Amino acid sequence: MRAAFYEYDITPPIGGFMWGHYKNVVADYVTDRLYAKAVVMEDQGEYAAIVTVDTCALLPGIHKVIADRVAQYTPIPADKICISSNHTHSGAPICSDPSCGGVADEAYVSVFLRLCADAIIMAYRNLGETKVKYAYSQVDSISFNRNFIKEDGTYITHGRGKQGIVGTLDGIDPDLPVLFFENDGKPVGAIINFACHQCCMGKYNHAGYSGDYSSILAKCLKEQYGQDFVSLFILGTCGDINHVNPDSSVDIPEDWYRHMGKTLAASVIASMDKAEPVSGCVKVLMENVEIARRPVDNDAIKAQLETWMSKKQPLMRPRNMLHYQATYGGVESDLLPVQAMVIGDVLISILPGEVYSAFGKYIKANSPYKRNMVAENCNEYLGYIPTEKAFDPCNDLYETALCRHSCMIPQAGQILSDTALSLAKKLAE
């Protein structure tokens, strides 16, 4: 197998809108520099390419724009390219959120798109014979499911310090699989997969740009393997997982994101002692799936508003729902890309949106491959993808509240997951 990595510094000018806070948060500092990082792999003329970017969400149509530029300089087909957002809430200002007045930096967006494509192009130009190893460990001390069941049967998001909680709606995914690449015995890069929201920076969230805990992970790995070592962090399915310990008696330090990155790095490095060789093919399949949006029902919206007002919910939810209602425009469905990528005997299932952890675990449990990674927030942004259970009438969950960031039908996650498994089975034949 041939492979190569490349990274571009894509840190924007200060003053850009940092998407993901549901208010107009503007960066006035650079806490950690932002990057676009790419790997290109080739075996017997078959290609696979991944570029990970330090941004919260992806622009509509971003896959075509980047793939078209890559096609000008390489033979890599569009359907073999994965564009992965690591979903840092302190990332590059490429998306607007008109519901809160946040605006993308349009001058920067053009440069961002070209550099993301160029990271793939430069990786392609440096392709060389590479040995690949697979390592696996688990980290269960830094992530928590953020959806809870109360004594009255209600589902709520965020339970820290709240009374009457009897359990979580689902669990976490502690898996930390790694694909590790060496060239002539020298470590050159890695693909790392872990499931936890990248909104973990405490006071730093509202100060400056950062790739969140994945920035610290990358710095630690460079300290271990050399400054030329490039680590691609692909976010696992974590639409319902974050860093907040629900036990309010446990302090969450302001620099917790640094602890998370260091913890993951230590586990990655330790797992290398048991890493096993990966050999074989490079294969990618891609399928676009049409999935319906939930209809905008004015009576249901009115009833929901009355419920929220009676519970004195924060204004964010009504604002986002009313903005979506006003700008809906009759859109009934979206065409969503799903990919399956095989590196040797390791499967990477690639999904769009902020997918609940249960779907990542479902894919792994039913995969035809023993070694698995599952990536979310890839190729297209479509908001939260909860389980059908999360839409039960007793729910008061943040991720199911109708808005642009949560508008797909309750069956969307199952459709996407089953599509990913169907593609995986075709690759395994």
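Just so it is clear, none of the values below were taken in a lab; they were calculated from the coordinates. The model shown is predicted, which means the values in this text are computed figures rather than measured ones. For neighbour counting, all protein chains shown are included, and Cβ atoms are generated from backbone atoms with ideal geometry for every residue, glycine included.
Amide H to amide H distances under 5 Å link S210 with D32, S90, G91, where only residues 5 or more positions off or on other chains count and H is placed in the peptide plane. Specify whether the C-alpha gyration tensor of the stretch 49-182 places it in the rounded, prolate or oblate class, a ≥ b ≥ c being the square roots of the eigenvalues: rounded for a/c under 1.5, otherwise prolate if a/b is larger than b/c and oblate if not. Cα axes put the stretch 49-182 in the oblate bin. Listed by chain and number, the aspartates and glutamates whose C-alpha is less than 18 Å from the C-alpha of K80, apart from same-chain residues fewer than 8 away, are E42, D43, E46, D68, D118, E287, D345, E376, E380. For the stretch 38-47, 3J(HN,Hα) computed residue by residue from phi via the Karplus equation (6.51, -1.76, 1.60; θ = phi - 60°) reads 10, 10, 10, 10, 9, 8, 6, x, 9, 10 Hz, glycine and proline entered as x. Partners of K262 within straight-line reach, counting lysines whose Cα lies under 28 Å from its Cα and excluding those fewer than 8 residues away in the same chain: K37, K131, K133, K186, K203, K219, K222, K274, K361, K364, K370. For a modelled paramagnetic label at V166, 7 Å from Cα along Cα-to-Cβ, the residues of the stretch 145-160 in reach, with backbone nitrogen under 14 Å, are 148-156. When you count the other C-beta atoms within 10 angstrom of each residue and take the mean per peptide, 7-19, 128-140, 230-242, 53-65 line up highest first as 230-242, 53-65, 7-19, 128-140. A cut-off of 5 Å between modelled amide H atoms, ignoring neighbours fewer than 5 places along the same chain, links T55 with N86, H87, T88, A92. Positive contributions from Lys and Arg (+1) and negative ones from Asp and Glu (-1), summed over other residues with Cβ under 15 Å from the Cβ of G102, come out at -1. Working note: Karplus 6.51/-1.76/1.60 with θ = phi - 60° gives the stretch 385-395 the couplings 10, x, 6, 4, 4, 5, 8, 3, x, 7, 7 Hz, where Gly and Pro are set to x. One way to sum up the overall shape of the stretch 186-307 is the equivalent ellipsoid from its Cα gyration tensor, whose semi-axes run 35, 25, 13 Å, largest first. Which aspartates and glutamates have a Cα lying under 12 Å from the Cα of K150, excluding residues fewer than 8 positions away in the same chain? In chain and number order, the partners are D396. Calculated [222 nm] ellipticity per residue, helices only, for the chain: -8500 deg cm²/dmol; basis is -39500 (n - 2.57) per DSSP H run with n ≥ 4, divided by all residues, nearest 500.
Sequence-ordered 3J(HN,Hα) estimates for the stretch 300-316 from the Karplus curve with 6.51, -1.76 and 1.60 and θ = phi - 60° stand at 5, 5, 4, 5, 5, 4, 5, 5, 4, 5, 5, 9, 6, 5, x, 5, 4 Hz, glycine and proline given as x.
Taking other C-beta atoms within 10 Å as the exposure proxy, E306, E376, E429 rank E429, E306, E376 from fewest upward.
Which of H21, Q44, A57 sits closest to the plus end of the dipole of the stretch 11-67, meaning its Cα is farthest towards the positive end, when Lys and Arg get +1 and Asp and Glu get -1 on the C-beta? The Cα lying farthest towards the positive end belongs to H21. With an 8 Å Cα cut-off and a minimum separation of 6 or more residues, compute the relative contact order for the chain in percent. Answer for the chain is 18 percent.
Spatial offset of the stretch 1-49 relative to the stretch 143-164 amounts to 34 Å, using the alpha carbon center of each. Distance distribution P(r), the stretch 168-215, all Cα-Cα pairs, bin width 5 angstrom from 0: 5, 15, 17, 16, 16, 16, 10, 4, 2, 0 percent. Net charge of the neighbourhood of I120, taken over other residues with C-beta under 15 Å away and scored Lys/Arg +1, Asp/Glu -1, is +2. For the chain, the Cα-based Rg and Dmax, in that order, read 20.6, 65 Å.
Between the amide H of G189 and those of F181, V230, distances stay under 5 Å, these residues lying 5 or more places away or on another chain, with hydrogens modeled in the peptide plane. Here the convex hull built on the C-alpha positions of the stretch 139-242 has a volume of 114 cubic angstrom per residue. The separation of the stretch 79-120 from the stretch 365-416, counted between C-alpha centres, amounts to 22 Å.
In the stretch 302-429, the alpha-carbon atoms span a convex hull of 107 Å³ per residue.
So what is the relative contact order for the stretch 167-293, in percent, with contacts set as C-alpha pairs under 8 Å and at least six apart?
With pairs under 8 Å counted, the relative contact order is 27 percent.
I need the Debye-formula profile for the stretch 242-291: one equal scatterer per C-alpha, no solvent, reported as log10 I(q)/I(0) at q = 0.19, 0.29, 0.32 1/Å, two decimals. Relative scattering, expressed as log10 I(q)/I(0), comes to -0.81, -1.14, -1.19.
Stokes-Einstein diffusion for the stretch 1-84 at 25 °C, viscosity 0.890 mPa s, with a Kirkwood radius from C-alpha pairs, works out to 168 µm²/s. Taken along its principal axes, the alpha carbon cloud of the stretch 339-412 reaches lengths of 43, 23, 15 Å, longest axis first.
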